[in-house]
1. Answer with one residue from Gln328, Asn291, Gln314: the one whose Cα lies farthest towards the positive end of the charge dipole of the stretch 183-343, charges on Cβ with Lys, Arg +1 and Asp, Glu -1.
2. Please express the shape of the stretch 183-343 as an equivalent ellipsoid: the semi-axes are the square roots of 5 times the eigenvalues of the C-alpha gyration tensor, given largest first in whole angstrom.
3. Would you mind checking the stretch 42-62 for residues with the amide N under 20 Å from a putative spin-label position 7 Å along Cα→C-beta of Tyr107?
4. Determine the gain in length on full extension of the stretch Phe237-Ala18; use 0.36 nm per residue of separation and subtract their C-alpha separation, reporting nm with one decimal.
5. Residue separation times 0.36 nm, minus the C-alpha to C-alpha distance between Ala247 and Lys68: what's the value?
6. Distance in nm between label sites at Ala79 and Lys182, each 7 Å beyond Cα in the beta-carbon direction?
7. What is the stretch 7-143 by shape, rounded, prolate or oblate, if you read a ≥ b ≥ c off the alpha carbon gyration tensor as root eigenvalues and call it rounded for a/c under 1.5, prolate for a/b larger than b/c, and oblate otherwise?
8. How much net charge surrounds Asn340 when only other residues with a Cβ under 12 Å from its Cβ are counted (Lys, Arg +1; Asp, Glu -1)?
Amino acid sequence: MKISIDKKSVKFYLWVGAAYFILALIINLSQYPGPFLLWFINEIWKATYILVVIYLFFEFTLLQLSRKKIFRSFALLAAQVFLFSFNLYFWLLLGTQLGIYTDFIHYPSCTHGVGDQFGASIFAIFIFGITRHIYNHIKLKQSAQRLRIEKQEAELNYLKSQTNPHFLFNTLNNIYSLARDKSDLAPESVLRLSKILRFMLYETSGEYIAIEQELKIISDYIALEKLRYDESLHINFNYDIEDMKQAIPPLLLIPLVENAFKHGASETRTHPFVDIHLSVKNRQLALFVKNSADGFRGEEKVKENIGLSNLRRQLELLFTDYNLSIEQGGSAFTATLKINLASHV
């Protein structure tokens, strides 16, 4: 049978063994005053045996125990504790014979010696057991936290992989409309799309980008959309940013802007408009997007497309303090996004 040894586990036992050695040295010196050097050597000799046996006890013996065979498990456990104490006593006798261990405590019989070491064995099992339980609990929490983060990162990447093609698909549709109409603006629209693609490929792979970069991609997208419309479309885009270097997740705001054109202005027959206002102060982000929307009846429920659904889920994964509200009434559709950027998880 091949026995595998976990290096991290061995390291843990060595650290706990060192702490146990110091604790036992202090206790024995306080109860049986004597030369420090001799007690120091004594405890090293004793701790060496205890460390090896404790490691085997917790990493191998306990694995053989089973709730289904409770009596067998109890007998095995009792036998291990007895052998631990019995062999510890004779380990100390061996140290005495070799001149390594100094016998400060004289036992009248072997039974008394084994009985005294029984208490030391139980104490060692208790100390290592409690410490091992705490250590494993911390490792389990760290592992669960790591898995949760990895799951969230995987989901975020999946959402981005959905959002980007969705965004590009809509943009390509716009260019297709220009090309079909043989518009002279088609080449310029392709050039603007290439700039957006370059940004997505090379600037959005990280966790954050500066908000000035997000503003640039929004401006490029608005310029691309303008090519599709005549002078009847009214666009108002303004912002009030305290710090242009403020970091935000990439492409977080574009879905609301895209939605305003795709499901608002493009479907409005008369007086289409898009109003966009962005402000960031004291790490509080507020984005207000309002667009024209024809053919809406008040009793209808606002349906969220893939862009808005993905945005809402990304917000859940990225921030603990945010609010995204969607309202539609009369001939206008309004989206309001508020984020406490300091609440990034």
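What follows is calculated from the coordinates using simple rules that are stated; it is not laboratory data. Since the model is a prediction, treat every value here as computed from it, not as a measurement. Here Cβ is always computed from backbone atoms with ideal geometry, including for glycine, and neighbour counts include all displayed protein chains.
1. The listed residue farthest towards the positive side: Gln314.
2. Those come to 25, 22, 14 Å.
3. 42-54, by backbone N distance to the label point.
4. Numbers: separation 219, 0.36 × 219 = 78.84 nm, distance 6.59 nm.
Extra length from Phe237 to Ala18 when fully extended: 72.2 nm.
5. Numbers: separation 179, 0.36 × 179 = 64.44 nm, distance 5.67 nm.
Roughly 58.8 nm would be gained on extension.
6. So the label points at Ala79 and Lys182 sit 9.6 nm apart.
7. Values: a/c = 2.40, a/b = 1.40, b/c = 1.71.
Oblate.
8. Overall, the nearby charge balance is +2.
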